[in-house]
Every structure is written in C-alpha cells, then in structure tokens.
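Below is one structure, written out as structure tokens, with a few remarks after it.
The values are calculated or read from the model by the stated rules, or taken from the named source; none is laboratory data. Just so we're clear, the structure is a prediction, and the values are computed from it rather than from any experiment. All Cβ positions, even for glycine, are placed from backbone atoms using ideal geometry, and neighbour counts span all protein chains on display. For the accessible areas, the whole protein counts, side chains as well, though only heavy atoms, and no ligand, DNA or RNA atoms are used. Shrake-Rupley method; radii C 1.70, N 1.55, O 1.52, S 1.80 Å.
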Amino acid sequence: MTQNSPLPSGPQAPAGRINYAEVLDFPTKRLILVGTLLGLFLAALDQTIVATALPRISSELNGLSLYAWVTTAYLLASTALVPIYGKLSDIYGRKPILMFGIVLFLIGSALCGAAGEPFFGSLFGSGMMQLVVFRALQGLGAAALTSVAFAIIADIFAPADRGRYQGLFGAVFGISSVIGPLLGGFLTDNVSWRWVFYVNLPIGLIALAFIASKMPTLASGLKPKVDYVGAVLIVIFTVPLLLALTFGADKTYAWTSGVVLGLFALSLASLITFIFVERRHESPILPLTLFKNPTFAWGVTARFFIGAAFLGAILFLSLYLVNVQGVSATAAGTATIPLTLGLIFGAIMSGQIASRLGYYKVLIIIGLCLMMGGFLLLSTLNADTPYGRVILYMIVLGLGIGPALPLFNLAIQNAVHPWEIGVATSSGQFFQQLGSVLGTAIFGAVLSSGLASNADKSFRTVEVGQTPAVVAQLEDTRKKFASGTSAGGNSRAGAAAPTLEQISKGVSDGFTKQYGTIEAAIKSGDPAKFAALKADQTLPAGLRQGLSNIPAQAIASPQGQAGVLATLKSNLDAAQASVLSTVKTSYALSARAVKVTFATTISRIYLISIFVALLALLSVLPMPNLKMPTRSKGDGGERPGAAMAEI
C-alpha cells in the first residue's frame, strides 16, 4: 500500500540548521560530488587491489602465517567505527569527518607501502606485523569514507533528486572491483607491491582538494554531548563478534572452543550493556528510537541479509571460476566483470527510475526477486556448465544486487529527520557489513564440510573401472585434498596445486636419477656396488628381479656393462612410460573429481543464498511504500533534465 505520511515525530529541527540542497548551486554540488566519489573510490578500490598483491607481499615479508590478518585487521577497524563516524558527522558536520577519514586513510596507505623497510627496524616484531597494524589504521580511515559519503547525497540534493546520484555511489564499488585486480596485478608485476598502497596518495589528495575548496561543513545543527560510553561499547561488541566469526570460519579455533565462545559472550554482554546505555543517553551513538521507524528497522534488517548473500556470491563465484572453469587466481577478479556490469547498470537505473516514479519499494522487491533468480540459476552450476551460461547467470545476479545499495539508502534517508541522516545511513552500512562477515563465516563452514563429504563421492565415482595403480594414486590425491580442506583457509593461502607437466617432469627426473645410479654402479665393475644395487628397495620390483638374474661377472668387461645397461635402459623406459600413463590418467580423473566436488558444493551454497535473499525480501514487505517528495522548481539549484548529463 502506498503511503504519503510525514516523518515520525521526534525532536524539533536544530536551531540554525542550513538546508544545503536549497542554498548550493549545481556547479558547487557537482564538485562536492566528484570529491566525495573519489574519497569513496579510495575505500572501495583498496578492498580489491590489495588481494592481488597479497601472495607477493607475504612472500617478500616472510609472513604467510599472518596472511589472513592483513584483510581481517582492515575489516575489524572499518566495520566497528562506521556508526560512530556517522553520529559524529551529524554533530560536527560531514566535511571535517570526511577529511579526517581521508587523511587517516592516506597516512595508513603510506605506512602500508613502507612496511618492512629498514628504517622501521623491528617495529611490531616483523614487516608483516607492521603491515597488519597499518592496515588497521587504513581501516579506521575507510570507516569514515564509507559511512559519511552516502549521507552527503542527502545533504546536498533534494529528496526527489537523491535517487539519481545514489546509483553513482553504488557503481563506484562495481567499477573498483574491475579496476582493482587489474591495477593490483600490473603494479605488483611491473613496479612493486608497495605501489598498491602508494597509488592511493594522488587520488586522495585530489579528493581532499575538491572537498576542502568547495564543500561546506554540512552540519546538521546538533550540539549535544558525545556518547563516549556508547562508542566504546559498540567497538567492544563488534570486534569480538567479528574475531569469533573469523576464528571459527578459518578454523583457527573450533566453534566450541573457549576462545570463540568467550568472544561471543563478551560481544553479547557488550550489546546488552550498549542497549541499556543508549536508552538513557541524550544523544546516543545509535538512537534506539530509530527502530520505531518501520522503514529504518526493516531496511537495516534487509541490508543485513543482503550483505550476507552479496559477499558470499562474489567470494564463491570466484572460487568456482578458479577451480571449475580453470580461470587463473589473478584473473578471477576480472572474470566476474559481467556481474559487475549488471550491478552498475542496476544501481544507476534503479536510482533514476525511483526518482521519476517517486516510489522505491516495488523496485527493491523486483531487485530482490532478480537476486533470488540469479542465485537459483547459479545453484544449477556443475562441472560442465559453459562459461557463456555462467556469464548470463552473473548478469542476472548483478541486476538484482545493483538496486540494493542506492534504494535502501534512499528509503532510509527519506524516512528519517535530516539531522538523523548520518547515523541512519551509517547504521545501514554497519548492518550490511556485519551481515557480510556472518555470511562469509557460515558459507565458509558449509564449504569446508561440503568439500570433505562431496570429495569422497566424486573420487569414488572416477575410481570405478580403473587399474589398481590408478586407484592408489586417486586415493592418495583424495586424502591430500581432504586434509587440505579440513585445515582451514589460512593453511592454504598462496598454495598452488602442481600441474600435470610438473608432475610428469618429476617422474622423468626420478627415472633419470635412477638410471644414473644404476649406470655408475655397473660401470664401476665393482661386485660389492653391484650387489648393493640389487638390494636397493627404491628401484622398481621388476627391475630388481631382473638385476638379480645378472651375474656379477657380466659387468666385468666394458662390453658386458654396455649390454647390461642397454637391457636395463629398455626396462626403465618401459616402466617410465607405464608410470607416466598412470599419472596422466589419474591426474585427469583427479581434476575431474575436484571440479565436480567444488561445483556440487558451491551450487549448494547458492541454494542457501536463495533462502538468505528470501529473508531480505520478507524484511522489505512490511516497509511502508512512502512516496518521495516531488521536486519543485529550483530546488537546490537543480536544472531539470540536465543534472545527469553534466555529471
């Protein structure tokens, strides 16, 4: 049912509040928008560009054991502070918080690029630990970028025009997911991995120039006390929760271990205390009264589920492309370009359509239905699905995910008071990031258990009708595969399976070495060495039996030695050909079994994703379908029909 109701009752508008949508002209808004988009691009790019360089970084800094923490430290810092920055921007204005975030992010980037340099000495113990700490500093800055940037749209544009520009912000994340892996790979291979971080500096300085010169303070007019206790409690709630989920998903600790359960308990206690404190503070970090607003309450709930489904879609789609379609790990990021293009198109067009129609709920529902359809299509993936069909599935999923970010921001911002936009917008981002971490942990557990169980079935299937030698090699591969999947993600970081060419070369080198040993013993003419050769258990059984039939006198003369070596060389060549044939057969069958295992497991993950997307859809249904205000003449200095053309 469509509603055109006023905002929920609440405190009166702060004295002295400026309506920047009305007082700023469009050229100024455009410059502010460019600077804000560049700042957001920094944070979005950093999430994709670093992953490509991590194997090289961990190798040069000798820090494989801390591989996962380079990402985890950034995630912890960037998630925990999102709602805090949102509230602070409501109090002190968007400009100072955004500039602080960019400066902090750039300092962190410069330090990350210098990690492991001699002038740091043994700071924090090692170069890799330095990188982990500096990544956390980067995350502290990124939290300000992601929480404040989306609120700026609501500050400088009238409600009727916000949808046009919200899609641009969603598109930034899609574009960065394409550019990041390409740029990261290029810089790592041709310049240095350090420039993966240094590249942020010029972009950030340009963004600062735009923001410092053209952006007003964008303050809401609020002048209350800062809720320091609430800020500390939300950090104590978030960090242990994310650590517990990370430890459990990576199998650093068992889910029932004291460490994980203790972290969950600390997080729960902090949450209960946080709710108690927020109810009594005059200006809470996260006003609980917002949850009385059905658009906000159901909106952040839906974003939580979308976060869980969205990140899982990206992570496990890349895993499918690498392990089943045969895409290289470096190219996996670019292989998802069809999904990204669908996401960008969906994000931009949904915002445009929402601004023209004046409603958003039906578009959100259509998007979520497309998302469920995309997951349903992906759940049919198998080891033989053509890549062209995978591209089609990715586009459908991208078209469904695209509208989520701009339209939920639009709905929440239009449903709260202007001086609550910062905390409301950042809260939506916070819930989405929490959902992403929880979804990754749950899907990771499903992946580990699914790979272990499906591997048995897949390998047993390909073993049928094979020779004992091939079955023995397949069983050895199955056990190694099962051991790898049960060891958790960290143990496999940066590891690569040997190719058929590498295995065949190893076999050939082994036979060459064996022949060299035999040749040296026989050409020596020494009966003792020849006797030791006959007893060498590393030689093939058939070869040892043949040697046992050769008397020592046969190697006494050069002619006898040549005759014996010729016979043995012929036997060794036949044995080598047999082994290589077995290796080739077992390798092909093993590769097939692994592909089937990954395809089966990942398809089941997408079945679960359908259910998660359904929960998001069910959360949207109770949301009021509020009609967005229509734009009157001259609102915000806008020129009808020309805004997007000029952008």
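Please work out the FRET efficiency for the pair E501 and I365, using the Cβ-Cβ distance as r and a Förster radius of 41 Å; give the result to the nearest 0.05. E between E501 and I365, to the nearest 0.05, is 0.20. Ellipsoid semi-axes for the range 136-250, based on the Cα gyration tensor and the rule √(5λ), read 28, 25, 16 Å when sorted largest first.
In angstrom, the C-alpha Rg and Dmax of the range 362-434 are 16.2, 54. Averaging the Cα positions of each part gives two centres, and for the range 33-84 and the range 534-588 these lie 56 Å apart. At a 1.4 Å probe radius, carbon and sulfur cover how many percent of the accessible area of the chain? Here carbon and sulfur together make up 66 percent of the probe-accessible area. Sorting 144-156, 299-311, 179-191, 533-545 by average packing, meaning the other beta carbons within 10 Å per residue, from highest down gives 144-156, 299-311, 179-191, 533-545. Distance between the modelled labels on D509 and I18, one decimal in nanometres: 7.0 nm (7 Å Cα→Cβ projection).
Expressed as a rounded percentage, what relative contact order does the range 72-178 have, with Cα pairs under 8 Å and six or more residues apart?
38 percent
Evaluating kT/(6 pi eta Rh) at 4 °C and 1.567 mPa s, with the Kirkwood radius of the range 89-179 over Cα pairs in the Stokes-Einstein relation, gives 86 µm² s⁻¹.
222 nm [θ] for the chain, helices only, -39500 (n - 2.57) per DSSP H run of 4+, per residue, to 500?
Numbers: 24 runs with 480 residues, N = 647.
Helix contribution divided over all residues of the chain: -25500 deg cm²/dmol.
Taking a 23 Å limit on the Cα-Cα distance, which of the listed pairs K95/K627; K457/K584; K534/K584 fall beyond it? Violating the 23 Å Cα-Cα cut-off are K95/K627; K534/K584. Pair-distance distribution of the range 245-368: all C-alpha pairs, bin width 10 Å, starting at 0; shares per bin in whole percent are 10, 22, 28, 27, 13, 1. For the range 186-262, the mean projected area of the C-alpha convex hull, equal to one quarter of the hull surface, is 9.9 nm². Measuring spread by the Cα atoms of the range 147-190 yields a radius of gyration and Dmax of 15.0, 47 Å. Each other residue within a Cβ distance under 15 Å of D189 adds +1 if Lys or Arg and -1 if Asp or Glu, for a net charge of +1.
Here the simple spin-label model places points 7 Å from the Cα toward Cβ, and for R280 and K523 these points are separated by 9.1 nm. For the chain, the per residue solvent-accessible surface stands at 42 Å², with DNA, RNA and ligands left out and a 1.4 Å probe. Over the chain, what portion of Cα pair distances is larger than 46 Å, expressed as a whole percent? Percent of Cα pairs beyond 46 Å in the chain: 28.
For the peptides 251-262, 415-426, the ranking by mean Cβ contacts within 10 Å, running from highest to lowest, is 415-426, 251-262.
What's the FRET efficiency of V229 with F186 using the Cβ-Cβ distance as r and R₀ = 51 Å, to the nearest 0.05? The computed FRET efficiency comes out at 0.60. Note on N382 and T28: the model spin-label points, each 7 Å out from Cα along the C-beta direction, lie 6.3 nm apart. In the chain, taking the dipole from charged Cβ atoms about the Cα centre, the farthest positive-side position among L607, G326, V191 is held by L607. Evaluated at q = 0.16, 0.18, 0.20 Å⁻¹, the base-10 log of the normalised Debye intensity for the range 522-632, with identical point scatterers placed on the Cα atoms, takes the values -0.86, -0.96, -1.05. For S586, what is the net charge nearby, where nearby means another residue's Cβ is under 13 Å from its Cβ and Lys, Arg count +1, Asp, Glu -1? Charge balance near S586 sits at +1.
The charge dipole of the chain, taken about its Cα centre with unit charges on the Cβ atoms of Lys, Arg (+1), Asp and Glu (-1) only, comes to about 620 debye. Our summary gives the range 282-429 a relative contact order of 35 percent, counting only alpha carbon pairs under 8 angstrom and 6 or more residues apart. Stretching K480 away from L615 to a fully extended chain increases their span by 44.8 nm, per 0.36 nm per residue minus the current alpha-carbon distance.
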